[in-house]
Amino acid sequence: MTKTLHHRACHLCEAICGLTIETETQADGSTQIRSIKGDAQDSFSRGHICPKAVALQDIQNDPDRLRHPMRRVGSEWQAIEWDEAFALVAERLSDIQARHGANAVASYQGNPSVHNYGLLTHSNYFLGLLKTRSRFSATSVDQLPHHLVSLQMYGHGFLLPICDIDHTDFMLILGGNPLASNGSIMT
Ligand code: SF4
């Protein structure tokens, strides 16, 4: 039995908190997560962690987690090979767009994928080739109004005003808990 400490960053939101993940490898080679904690040595988050990161092991160990492409056949789901999946997706996407227009294909990117390094650097190439305006994400749900206001008021969508918490005497927050979420955008 070998215990290993991994230093990682949580990619669930832009706060990018530092994590220490302890794993235990058994003699048969199987590895289990023993704990996920905030990394006190992380210069940015300094040990902060929210409940979402603690629950990362539930995603890792979820028996229903997808580990290979699945194809729906009638009411059944069948595992298929990656080559077959890519060929099928390419054929169906181009067929749908040829028949119904480019915008008939929509994409949705959730927060973890937006903060995934590979997807961050490469998904825009793929989405650009799709030439669809039907693009949605966690941002289009809760952040685009901020970007639009910044564009209109300050001239650029990323000139985001930051709360001056250090000089605030009274702050009323409705529908949020920065102590739990680490304050989206504040970080
Ligand atoms: S605030 Fe929570 S979800 Fe966001 S990076 Fe930190 S631990 Fe992850």
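The values are calculated or read from the model by the stated rules, or taken from the named source; none is laboratory data. This is a predicted model, so every value here is computed, not measured. We place every Cβ from the backbone using ideal geometry, glycine too, and count neighbours over all the protein chains shown. Protein only, heavy atoms only, side chains kept; ligands, DNA and RNA dropped before computing areas. Shrake-Rupley method; radii C 1.70, N 1.55, O 1.52, S 1.80 Å.
Observations on the structure shown:
- Sequence-distant lysines (8 or more away, or on other chains) whose Cα lies within less than 27 Å of Lys37: Lys3, Lys52
- Value of [θ]222 nm, deg cm²/dmol, for the chain, DSSP H segments ≥ 4, -39500 (n - 2.57) each, nearest 500: -10000 deg cm²/dmol
- Of the listed residues Thr121, Thr2, the order by accessible area with a 1.4 Å probe, largest first, is Thr2, Thr121.
- Residues with amide H under 5 Å from that of Leu19, placed H, sequence gap 5 or more: Arg8, Ala9, Cys10, Asp39
- Sorted from greatest to least, the principal axis extents spanned by the alpha carbons of the chain come out as 60, 58, 29 Å.
- Estimated at 0.36 nm per residue, the fully extended path between Leu151 and Ile16 surpasses their Cα-Cα distance by 46.1 nm.
- Accessible-area composition of the chain, carbon plus sulfur, in percent [1.4 Å probe]: 57 percent
- Taking amide H as placed 1.01 Å from N in the peptide plane, His115 has no amide H partner under 5 Å among residues 5 or more places away or on another chain.
- Taking 0.36 nm per residue of separation and subtracting the Cα-Cα distance, full extension of the segment from Phe136 to Asp169 would add 8.2 nm.
- Gyration tensor over alpha-carbon atoms, segment 2-61, equivalent ellipsoid semi-axes in Å: 22, 13, 8
- Taking all protein chains together and a 1.4 Å probe, the residues Leu88, Leu12 rank Leu88, Leu12 from largest to smallest accessible area.
- From phi via Karplus (6.51, -1.76, 1.60), per-residue ³J(HN,Hα) for segment 48-56 in Hz, x at Gly/Pro: 5, 8, 10, x, 5, 5, 4, 7, 4
- Amide H contacts of Arg135 (H built 1.01 Å from N, in plane; Pro and chain starts excluded): Ser107 sit under 5 Å, all sequence-distant by 5 or more or on other chains.
- Contact order for the chain, expressed relative to its length and based on alpha carbon pairs under 8 Å spaced 6+ residues apart, stands at 16 percent.
- At most 10 other Cβ within 10 Å, DSSP loop - GluC sites (Glu not before Pro), segment 15-105: Glu81
- For segment 111-184: accessible area per residue (Å², 1.4 Å): 80 Å²
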